[in-house]
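Report on the following structure.
All of the numbers you see were taken from the coordinates with simple rules; none came from a lab. Note that the coordinates shown come from a computational prediction; the quantities given were computed from them, not determined experimentally. Glycine also receives a Cβ, built like all others from the backbone with ideal geometry; neighbour counts cover every protein chain displayed.
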Amino acid sequence: MRNAAALGMIGGILALIMGMVSFGWTEALYRFERLQELTALPENVNLLRGMSVIAPLLAIGGAAMAPYRALWAGIALGAASIAIFIAFDNVFTIFPASMCGLAALLALAAGRPDEPKSHF
């Protein structure tokens, strides 16, 4: 379970960096009209901004839960992986989404987390 926690934390931190950059970029496009001349606004600005906050929280929260509640951690990490892949939709999402997805599989596959209570 420590492997799932480590992978989820790395994926969450990478998603946090991507989220901060994309949220800041959309805010800069709104504030500075000269930037809109260079590039267009993304089609899904509200989805992008929402997932910039929610997806890293799900990933880091799932990584924190992995040693104790593997089932809920796997669900949170899987949701974060899907949210990262859908919202950001570019080549840079491969690494955080795959790390969170692998951490979700590891957490769900654990019959017994580090705690003696099994979730199945």
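Charges were assigned to the Cβ only: +1 to each Lys and Arg, -1 to each Asp and Glu. The resulting dipole of the chain about its Cα centre is roughly 400 debye.
Residues of segment 78-106 with an amide N closer than 20 Å to a point placed 7 Å from the Cα of Ala40 along the Cα-to-Cβ direction: 87-91. Please give the helix 94-109 orientation as an angle from the longest Cα principal axis of the chain, in degrees from 0 to 90, rounded to the nearest 10. Around 20 degrees separate the two axes.
For the chain, the longest principal axis of the Cα atoms and the long axis of helix 2-31 meet at an angle of about 20 degrees.
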